[in-house]
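Engineer: Attaching a single structure in structure tokens format; questions to follow.
The values are calculated or read from the model by the stated rules, or taken from the named source; none is laboratory data. This is a predicted model, so every value here is computed, not measured. Please note: Cβ atoms are built from the backbone with ideal geometry, for glycine as well, and neighbour counts cover all protein chains shown. These area figures cover heavy atoms from the full protein model, side chains too; ligands, DNA and RNA do not enter into them. Shrake-Rupley method; radii C 1.70, N 1.55, O 1.52, S 1.80 Å.
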Amino acid sequence: MIYLDNAATTRTAPEVVEAMLPYFTENYGNPSTIYSLGSASKKAINQARKTIADSLGANMEEIYFTAGGSESDNWAIKAAAEAYASKGKHIITSKIEHHAVLHTCQYLEKHGYEVTYLDVDRNGIVDPEQLKAAIRPDTILITIMFANNEIGTIEPIAEIGAIAKEHGILFHTDAVQAFGQVPINVDEMHIDMLSSSAHKLNGPKGIGFLYIRKGVKIRSFIHGGAQERSRRAGTENVTGIVGYGAAVELAMKTMEERTRKEIELRDYLIHRLETEIDHCWLNGDRVKRLPNNVNFSFLFIEGESMLIMLDMKGICASSGSACTSGSLDPSHVLLAIGLKHEEAHGSLRLTLSADNTREELDFVVDSIKEIVARLRSMSPLYEDYLKKRTI
Ligand SMILES: *Cc1c(COP(=O)(O)O)cnc(C)c1O
């Protein structure tokens, strides 16, 4: 098997699993208890919290554990909307956010909030000038993702943060794809809230955190016990949190070398695809791009068919469509960067890890060449195109 879908999830690192194991077995105490079995769990949670806070230039008290990226996005946006409603009910986001952000904004629109969805350019970049122009006296929140999960584009976060700060507006960023791949400092980038999820950086699934800057007014998300400073009640996911801490420690330690290797593999893959296949192009920004993201559109191809054929060759990848209840909706991200429906449908996302090899990528490129040729040979659109060309 060749795994090229690390934006969907990553393999839990062996070091992470090992760190977690004792908290399933001998260290099973509830962290809220006062005997030493419980204190061991509490200590482990705080150690993970410290590791995570340090990696962002934040304080331990500003890290709140959640059940993942979606929950963190929901919490940040809904709670900020509620806490700042007396100041205004206008939110600014972009058209290329993850659904955890977009659908939360749509939910708020049904409850009296107004949302501006900023356009992005052909590479998927939010224009800070457009953002400035969208700010109103009643704007209470700006939420723009750090890096896009489909096309890998990295947004000008420090610039956006500075604008938010200058206008006294809260700034949240969904950093689920970026954390562990790009250096992040919440102070330098003027970030007030930040979402992350462990399973995107070789940690376990079902655990995330929300960074909330000290002083930000924010509501509790789960009411109950005093866990997470009473803002997110419920017995902590101790194993998940321990695994998260281990994953972040590993990610920070390896970031430089790992991303250098990923970039090398990424650029090799991009180069081979664009030089060896006709009628295809790279989506997303070439420079401001996640180290492991490759996203291509192939004309005259259905992405879903390509995925099935890649799967038969043991290659895990992702397409530019989301299959919802049988109908294929082209990706909102690819439409937002200006692709036509049929161009968005013919898209393929390959997200690497540093464990991939050139040999694997060679096999992948050869497979894609073969599949593209086969699918095009069956495509009436391609036949039309060839006919028109010869006239
Ligand atoms: C995966 C992802 C999420 C959702 O995270 P979960 O932990 O799966 O809920 C949110 N935003 C982005 C950008 C993602 O890539």
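Engineer: For residue 131, what charge total do you get from the other residues with a beta carbon under 14 Å from its beta carbon, if Lys and Arg give +1 and Asp and Glu give -1? Kindly include the intermediate steps, with their values, before the conclusion.
Structural biologist: Details: positive: 95, 132, 136, 165; negative: 97, 119, 121, 127, 129, 155, 159, 166.
Net charge around residue 131: -4.
Engineer: While we're on this one: For the chain, what % of the accessible area comes from carbon and sulfur atoms, probe 1.4 Å?
Structural biologist: Working: 9100 of 17160 Å².
About 53 percent, which is the carbon plus sulfur part of the accessible surface.
Engineer: Then there's this: Tell me, what is the 1.4 Å probe accessible area of residue 359, in Å² to the nearest 10?
Structural biologist: Answer for residue 359: close to 130 Å² accessible.
Engineer: Of the listed peptides 289-297, 381-389, what is their order by residue-averaged count of other C-beta atoms within 10 Å, with the highest listed first? Numbers along the way, then the final one.
Structural biologist: On the way: 289-297: 25.3, 381-389: 11.7.
Listed from highest to lowest mean packing, they are 289-297, 381-389.
Engineer: Highest mean first, how do 85-96, 227-238 rank when packing is the count of other Cβ atoms within 10 Å averaged over residues?
Structural biologist: On the way: 85-96: 19.9, 227-238: 17.4.
Those peptides, ordered most packed to least, come out 85-96, 227-238.
Engineer: With viscosity set to 1.567 mPa s and temperature to 4 °C, compute the Stokes-Einstein D of segment 1-102, Rh being the Kirkwood radius across alpha carbon pairs; µm²/s, no decimals.
Structural biologist: Details: Rh = 17.2 Å.
Answer, rounded: 75 µm²/s.
Engineer: Based on Cβ point charges of +1 for Lys and Arg and -1 for Asp and Glu, what charge dipole magnitude is obtained for segment 255-390 about its Cα centre, in debye rounded to the nearest 20?
Structural biologist: Working: 18 positive and 23 negative charges, 66 e Å.
Once rounded to the nearest 20, the dipole reads 320 debye.
Engineer: Sticking with this structure for a sec: What does the accessible area per residue of segment 53-193 come to in Å², with a 1.4 Å probe and no ligands, DNA or RNA counted?
Structural biologist: Per residue, segment 53-193 has 35 Å² of solvent-accessible surface.
Engineer: Residues of segment 331-391: accessible area per residue at 1.4 Å, in Å²? Intermediate results must be reported in sequence, preceding the final value.
Structural biologist: On the way: 3220 Å² over 61 residues.
On a per-residue basis, 53 Å².
Engineer: Please name whichever of 215, 201, 163 sits farthest to the positive end of the charge dipole of the chain, dipole taken about the Cα centre and charges placed at Cβ: Lys and Arg +1, Asp and Glu -1.
Structural biologist: Value computed over the given set: 215.
Engineer: Treat each spin label as a single point 7 Å out from the Cα along the C-beta direction, and report the residue 54 to residue 363 distance in nm.
Structural biologist: 3.9 nm
Engineer: Using a/c under 1.5 as the rounded threshold, could you call the chain rounded, prolate or oblate? The axes a ≥ b ≥ c are square roots of the C-alpha gyration tensor eigenvalues, and prolate needs a/b larger than b/c, oblate otherwise.
Structural biologist: Oblate, since a/c reaches 1.5 and b/c is not below a/b.
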